[in-house]
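In what follows, a structure is listed as structure tokens, so that the remarks can point back to it.
The values are calculated or read from the model by the stated rules, or taken from the named source; none is laboratory data. Bear in mind the structure is a predicted one, so any value in this text is a computation, not a measurement. Please note that ligands, DNA and RNA were not included when accessible areas were found on the heavy atoms of the full protein model with its side chains. Shrake-Rupley method; radii C 1.70, N 1.55, O 1.52, S 1.80 Å.
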Amino acid sequence: MKAGKKQLLKYKKAFEKKYPGTTWNTVLIHIKNKIMEKQELIKFLDDIFIPIGFKRKGNNWIINGEEISKIINLQKSQYSNSYYINYGYIIKKLPLNGFVNHVDNRLSSKNELEYRRIVDLLDLEFEISTEERFSELEKLIRNKIIPQMESTNNEQDILKILKEKEFLYMIPPNVLEYFNLKA
């Protein structure tokens, strides 16, 4: 386990408060069983994305098509042991101009309860069994990310996505210009 010493002490205090009289070994076993490591999450995502044609490079899963590239990215929060699953597209004809993608999305929800659950599932310190975490994440990924990724294969599909967006202010200016759209 690669949790820092400060973090371990934080868990130990919280665990001892909840379960007085426990031993340090009990705390360590509890932490090991409840805290998922990043590598477990990456393997889980590999098992979903690689069979449908993505290739992994670091924290990214990529499919390069003729007109567009599809990218899924696992991003670590700088504030906690939480992650974000970002996904988007690069239009091969256009320069990125400092952007990671031309069109970005993130695994999220407008429904507050579902949004909160996604945040909890991607917080590797949130106490939930690995089986439950993976089961729920897989359903979300298969219902939210994969259908869009599989149905987006060219520039016209990206234009359709852009036209359906409520706001375009996060889209790079050269992309808006290319498609004759206004933010």
Angle, helix 155-164 long axis vs. longest principal axis of the chain, Cα atoms, 0 to 90°, nearest 10? 70
Skip the ligands, DNA and RNA, and give the accessible area per residue of the chain with a 1.4 Å probe, whole Å². 63
List Asp46, Asp104, ordered by accessible area with a 1.4 Å probe, largest first: Asp104, Asp46
Show which lysines lie in cross-link reach of Lys12 when reach means a straight Cα distance below 19 angstrom and same-chain residues fewer than eight apart are skipped. Lys2, Lys32, Lys34
Alpha carbon convex hull of the chain, projected area averaged over orientations, nm²: 12.1
Given pairs Lys38/Lys139; Lys38/Lys163; Lys70/Lys165 and cut-off 25 Å on Cα-Cα distance, the over-length ones are Lys38/Lys163
Counting helices only, and only those DSSP H runs with n ≥ 4, report the 222 nm mean residue ellipticity of the chain as the sum of -39,500 (n - 2.57) divided by its residues, in deg cm²/dmol to the nearest 500. -13000 deg cm²/dmol
Once phi for every residue in the range 113-123 is put through the Karplus expression 6.51 cos²θ - 1.76 cosθ + 1.60 (θ = phi - 60°), the whole-Hz ³J(HN,Hα) values, with Gly and Pro written as x, are 5, 5, 4, 4, 5, 4, 4, 5, 5, 8, 8
